[in-house]
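Here's the structure, in C-alpha cells; my notes come after.
The values are calculated or read from the model by the stated rules, or taken from the named source; none is laboratory data. Worth saying up front: this structure is predicted, and the values here are computed from it rather than measured. Because the Cβ atoms are built from the backbone with ideal geometry, glycine has one as well, and the counts that use them run over all protein chains shown. Heads up: the accessible areas ignore ligands, DNA and RNA and are worked out on the full protein's heavy atoms, side chains in. Shrake-Rupley method; radii C 1.70, N 1.55, O 1.52, S 1.80 Å.
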Amino acid sequence: MDGTTSSNLTGDLAGTLEELRSRGLFKRERILTGPQDAVIHTRLADGTIREVVNFCANNYLGLANHPGVIRAASQAMERFGFGYASVRFICGTSELHRELESRMSAFLGTEEAILYAAAFDANGGVFEPLLDERDAIISDALNHASIIDGVRLCKAQRYRYAHADLTDLETQLRAARDAGSRYRLIATDGVFSMDGDIAPLPGIVELARKYDALVMVDDCHATGYLGPTGRGTAEHFGLQGKIDIITTTFGKALGGASGGCVGGRREIVEMLRQRSRPYLFSNTLAPAVAGGTLRALQIVEEEPERCRRPLELARRFRERLSAEGLDLLPGETAIVPVMVYDEVQALEMAERLLERGVYVIGFAFPVVPRGKARIRVQLSAAHTTEQVDRAADAFIAVARDQAL
Ligand SMILES: Cc1ncc(COP(=O)(O)O)c(C=O)c1O
C-alpha cells in the first residue's frame, strides 16, 4: 500500500472534518441509556444522565417499546432462534417471513410483497431489475437518498421534476415519452421526511394514466398512521390498489426495529426475488424483527385510534406555534418542520431546547438545502397532550430568546 496516498487522504479528511466542526455542522451522536420512547434518558458530556421528552424519533405509533411487540419478538426468537444466518433463497426463509410478506401485501393493498433488511435496500434494489436503458424514471427532486441511489444503480434514463410540481412532472413525462422510452416510472416519497408534506398522489396517478407510466411510492413516513386505517398515502387519497409499487419500512411506525419491503404486482415481486441484489446478497430479516413487526401490524389493525393520535397531536402543536408567529412549513402529517433558515441558529435552538427537556435535532445542509435549516418535530402516539404542550411552550420561549 502506498503510505503517501493513504496519509494524503487522511490529511484531507481531517481538514474537512475540522471545517465541519468549526462551522458548527459536525454531527454528534447522542447516547441513550435505555429504550426509545416518549421519554428517553441520555448521557451528557459530563457523564450525568438527563431525562428528556423525545420529539425526533420515527416512533409514530409509540410501538418501539410496546410490551406486546417486545413479547412477540421474544417469542419469535425463542421459536426461531437469534439469527437465520442465510440469505432468503439458500435457507433464510421461515414461516414468519412468509407470513409477514403476506400480511404486508394485504395491508398495502398490493398483490405480493418482498422483505428487505432495510427500506434503504428496498429502494436500492427495486429499480435495476425492472428497468433498463430503454426506460425512464421520473423522480421528485426531494426524494429520499435511497431512491436517488436506487435510480443511480439502474440503467434507465433519469428525469427529475420540481418537488410536488405536477406541471413540471407532466413536462418531464412528455420529454421521456418523446424520447421514445419503453416504460416510464414515476418515483415519489409518499410523505417527504424533511418537509412533512404529502405527495400530490391523485394528480400523479392521473398523469401516469395519461402518459402510460407506472407509479412507485416510498411510504416510509406514512405507513402505519396516514389514512383512515393507517395504510399510508394511497389510503389517505382513496387510491389503494392503484399504486404499482410501494416501498416501506419497519423501522419507523411499525415498531421501529429495522427492515423494509416492496409491495407490488406479483410479476414485479417475483422478478425482485430473482434479481434484486440487496435481497439476493444480504442476510434475511432477524426472526425477532419479523415476529415483532407482525404484532405491530396487528396493533395497527386493532387500534385505529392509535393511528389518529400523532396527527391530532401534530395539529395541536402546529396551532400553538403558528399562533405565536413561528415559521412552520404547511402540512398535515406527524412531521412538523419549524423553519430557522440559518444553520448555526438551528443547531443552537436544538441545544437550548434540550436544556429545557425537549429533545429535537436541527437539520442543516446537506440533509436539507443550504439556507433552509430547520428543526424537525415528530409527534408520536406515545406522547401525552401535556408533553406536547410543554414542548410548544419551550419552542416559543427559545424562539423569543433567539429573536427568531
Ligand atoms: C423516505 C425514506 N425512505 C427510506 C428510508 C430508509 O429506511 P430504512 O431505515 O428502513 O432503511 C427512510 C429512512 O430514513 C426514509 O425516510
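Brief remarks on what is shown
- Residue list for region 76-111, filter: acidic (Asp, Glu) and farther than 15 Å from Ala290 by Cβ: Glu111
- Just one of (1) touching a strand residue (DSSP E or B) at 6+ places or on another chain (Cβ under 7 Å); (2) open to solvent by 10 Å² or more (accessible area, probe 1.4 Å) fails for Val126. It is (2).
- Every pair of residues 6+ apart whose Cβ atoms lie under 6 Å, when the first sits in region 205-221 and is at positive phi while the second is away from the ligand (no atom under 16 Å from the Cβ) and among the small types (Gly, Ala, Ser): none
- Filter pass, Gly224 being buried (at least 17 other Cβ atoms within 10 Å of the Cβ), in contact with a Phe, Trp or Tyr (Cβ under 8 Å, 6 or more places away or on another chain) and within 30 Å of Gly62 (Cα to Cα): yes
- A residue that is within 24 Å of the chain's Cα centre (by Cα), away from the ligand (no atom under 16 Å from the Cβ) and not in a loop (DSSP other than H, G, I, E, B) can be found somewhere in region 56-67.
- Evaluation of Arg50 against the conditions (1) surrounded by 13 or more Cβ atoms within 10 Å (Cβ to Cβ); (2) touching a helix residue (DSSP H, G or I) at 6+ places or on another chain (Cβ under 7 Å) shows that the sole unmet condition is (2).
- Note on region 245-261: residues that are outside any strand (DSSP E or B), aliphatic (A, V, I, L, M) and away from the ligand (no atom under 11 Å from the Cβ) amount to 1.
- Scanning region 313-346 for residues that are open to solvent by less than 10 Å² (accessible area, probe 1.4 Å) and either of a type in the set (S, T, N, Q) or farther than 16 Å from Ala403 by Cα (or both) returns Leu313, Ala314, Phe317, Thr333, Ala334, Ile335, Val336, Pro337.
- Some residue of region 86-98 being outside any helix (DSSP H, G or I), under 30 Å from Gln378 (Cβ atoms) and not assigned by TED's automatic domain parsing to the domain that holds Thr385: no
- Within the span defined as region 184-200, one or more residues are under 17 Å from His144 (Cα atoms), surrounded by fewer than 22 Cβ atoms within 10 Å (Cβ to Cβ) and more than 15 Å from the chain's Cα centre (by Cα).
- Hey, Ile186 away from the ligand (no atom under 11 Å from the Cβ), touching a Gly at 6+ places or on another chain (Cβ under 7 Å), more than 24 Å from Ile299 (Cα to Cα) and hydrophobic (A, V, I, L, M, F, W, C) or not: no
- Among the conditions (1) within 16 Å of the ligand (Cβ to nearest atom); (2) assigned to a loop (DSSP other than H, G, I, E, B); (3) within 30 Å of Ala141 (Cβ to Cβ); (4) open to solvent by 20 Å² or more (accessible area, probe 1.4 Å), Gln240 misses just one, which is (1).
- Residue within region 167-174 that is away from the ligand (no atom under 16 Å from the Cβ) and of a type in the set (Lys, Arg) present: yes
For every residue, the table says whether it meets (1) part of a strand (DSSP E or B); (2) more than 16 Å from the ligand (Cβ to nearest atom); (3) without any contact (Cβ under 8 Å) to a residue 12 or more places away in the chain; (4) not assigned by TED's automatic domain parsing to the domain that holds Asp218.
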{"site": "Gly263", "(1), (2), (3), (4)": "yes, no, no, no"}
{"site": "Met271", "(1), (2), (3), (4)": "no, yes, no, no"}
{"site": "Gln274", "(1), (2), (3), (4)": "no, yes, no, no"}
{"site": "Gly291", "(1), (2), (3), (4)": "no, yes, no, no"}
{"site": "Leu311", "(1), (2), (3), (4)": "no, yes, no, yes"}
{"site": "Arg315", "(1), (2), (3), (4)": "no, yes, no, yes"}
{"site": "Leu347", "(1), (2), (3), (4)": "no, yes, no, yes"}
{"site": "Leu354", "(1), (2), (3), (4)": "no, yes, no, yes"}
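- The residue that is most open to solvent (accessible area, probe 1.4 Å), counting only those in region 276-285 that are within 16 Å of the ligand (Cβ to nearest atom) and not in a helix (DSSP H, G or I), is Asn283.
- Selected residue [small (Gly, Ala, Ser) and either out of contact with any Cys (no Cβ under 7 Å at 6 or more places or on another chain) or within 14 Å of the ligand (Cβ to nearest atom) (or both)] from Ala113, Ala156: Ala156
- Of residues in region 136-150 being over 20 Å from Asp168 (Cβ atoms) and touching a Phe, Trp or Tyr at 6+ places or on another chain (Cβ under 7 Å), the one nearest to the ligand (Cβ to nearest atom): Ser146
- Given (1) within 28 Å of Ala145 (Cα to Cα); (2) in contact with a strand residue (DSSP E or B) (Cβ under 6 Å, 6 or more places away or on another chain); (3) at pLDDT 95 or above, number of the condition Val300 does not satisfy: (2)
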